[in-house]
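Contents: one structure, followed by commentary.
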Amino acid sequence: MRIFDPHIHMTSRTTDDYERMAAAGVAALVEPAFWLGQPRTNVGSFTDYFDGLVGWEPFRASQFGIRHHCAIALNPKEANDPRCRAVLEVLPRYLDKDGVVAVGEIGYDSMTAEEDAAFAAQLALAVAHELPALVHTPHRDKVRGTERSLAMVESAGIDPGRVVLDHLNEVTVGMVAGTGCWMGFSIYPETKMSPTRMVAILREYGLERILVNSAADWGRSDPLLTRQTGKAMLAAGFSEDDVDRVLWRNPVEFYGQSKRLELSGDDPDTFSTFEGNSIRRGGS
Ligand SMILES: [Zn+2]
């Protein structure tokens, strides 16, 4: 089973996690920029973190043969802090870098006017830099947050096929399914979404435009839940090709739109369907 985790915060994980992930089949991942628990007080804290996402973390991942890419953004929570808003001005410099395959995570936390402004500005950056956008839907008031996110995506004029709405559940998936946006699901040990619930959603909505991630952040989380979801799919009668589509080909297709994915593999056919989509084959 080859796995591409499309949303995982490795900064909050140990090096042992990288080792376990590699052994479980995780060969590539995207780490979106998010909050660091302790509130940041100045733009320099963000740029040091962004430099880590394009420098240190890819190195740490490479020691286990895992391809690390990232998404860069001012996260919704900190968009409310006036000390952090100038981060928006340094983003263009990062969005031009190799290894940056999306703008994210953006979206809503408390749905304030400040979050509206940062969300709109960053969708405009995604359009300008021809990058996909990773949109976090809020944990509180998720239905209203999802509605408002979809309205924002529409008004921004970004191709919905270049947007993923993440952290969806049984209540919000139907709102996104017909919009052309991608649907992201974070599988957690206790909250949000379990492998079994994910399999039920795949049965109902199909495999197209679905991304499954482990998120693996500061809360209790498990970076191997992508693999557990693959195993649950097989146990429920999905084929190995179905699992490969959800856990590998879908994230490659979504982030491949950045034209910056750099992947490696032993299977000579691995990337044949993406020839011409500038997905480069690299050594591991
Ligand atoms: Zn996240």
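By a straight-distance test (C-alpha under 16 Å), which aspartates and glutamates pair with LYS77 as possible cross-link partners, with residues fewer than eight away in the same chain excluded?
GLU105, ASP109, GLU114, GLU115, ASP116, ASP141, ASP166, ASP217
So, in nm, how far is label ALA120 from label ASP96 when the simple model puts each one 7 Å beyond its Cα toward the Cβ?
Modelled inter-label distance: 2.7 nm.
Normalised by the residues of the chain, what does the relative contact order come to in percent, with Cα pairs under 8 Å and at least six apart?
19 percent
Can you tell me the Rg and the Dmax, both Å, for the Cα atoms in the stretch 171-220?
11.2, 32
Between the stretch 1-64 and the stretch 163-193, what is the C-alpha centre distance in whole Å?
If you average the Cα positions of each part, the centres end up 22 Å apart.
I'd like the carbon and sulfur percentage of the solvent accessible area for the chain, probe radius 1.4 Å, heavy atoms only, ligands and nucleic acids excluded.
Carbon and sulfur: 50 percent of the exposed surface of the chain.
Give the accessible area for ASP16 in Å² (nearest 10); use a 1.4 Å probe, count only protein heavy atoms, and leave out ligands, DNA and RNA.
About 100 Å², ignoring ligands and nucleic acids.
Sort TYR94, TYR49 by heavy-atom solvent-accessible area, probe 1.4 angstrom, most to least.
TYR49, TYR94
Quick one: which residues, 5+ away or cross-chain, put their amide H under 5 Å from the amide H of ALA102? H built at 1.01 Å from N.
Answer set, sorted by chain and number: ILE72.
Send over a whole-number figure in Å² for the accessible area per residue of the stretch 1-71, probe 1.4 Å.
Per-residue value: 37 Å².
Given a cut-off of under 8 Å on Cα pairs at least six residues apart, what relative contact order in percent is computed for the stretch 71-163?
After rounding, I find 29 percent.
Give me the 1.4 Å probe accessible area per residue for the stretch 113-264, excluding ligands and nucleic acids, in Å².
Accessible area per residue: 39 Å².
With θ set to phi - 60°, apply the Karplus curve 6.51 cos²θ - 1.76 cosθ + 1.60 along the stretch 132-144 and write out the HN-Hα couplings as whole Hz, x wherever there is a Gly or Pro.
So the Karplus estimates, Gly and Pro as x, are x, 10, 9, 10, 7, 8, x, 7, 9, 6, 5, 5, 5 Hz.
Using a 1.4 Å probe on the protein heavy atoms only, what accessible surface does PHE34 show? Give it in Å² to the nearest 10.
For PHE34, the solvent-accessible surface is approximately 10 Å².
Tell me whether the chain comes out rounded, prolate or oblate; compute the Cα gyration tensor, take square roots of the eigenvalues as a ≥ b ≥ c, and use a/c under 1.5 as the rounded threshold.
rounded
With the Cα gyration tensor of the stretch 167-260 in hand, give its eigenvalues times 5 under a square root as the equivalent ellipsoid semi-axes, listed largest first in whole angstrom.
Equivalent ellipsoid semi-axes, largest first: 18, 16, 15 Å.
Among the lysines, select those whose C-alpha is under 27 Å from the C-alpha of LYS259, and discard any that sit fewer than 8 residues away in the same chain.
List returned: LYS97.
Dipole of the chain, Cα-centred, from +1 at each Lys and Arg C-beta and -1 at each Asp and Glu C-beta, to the nearest 20 debye?
200 debye
The values are calculated or read from the model by the stated rules, or taken from the named source; none is laboratory data. Please read these numbers as outputs of a predicted model, since none were measured by experiment. Counting neighbours? That spans all protein chains shown, and the Cβs are built from the backbone with ideal geometry, glycine included. Side chains are part of the model used for accessible areas, which takes the heavy atoms of the whole protein and leaves out ligands, DNA and RNA. Shrake-Rupley method; radii C 1.70, N 1.55, O 1.52, S 1.80 Å.
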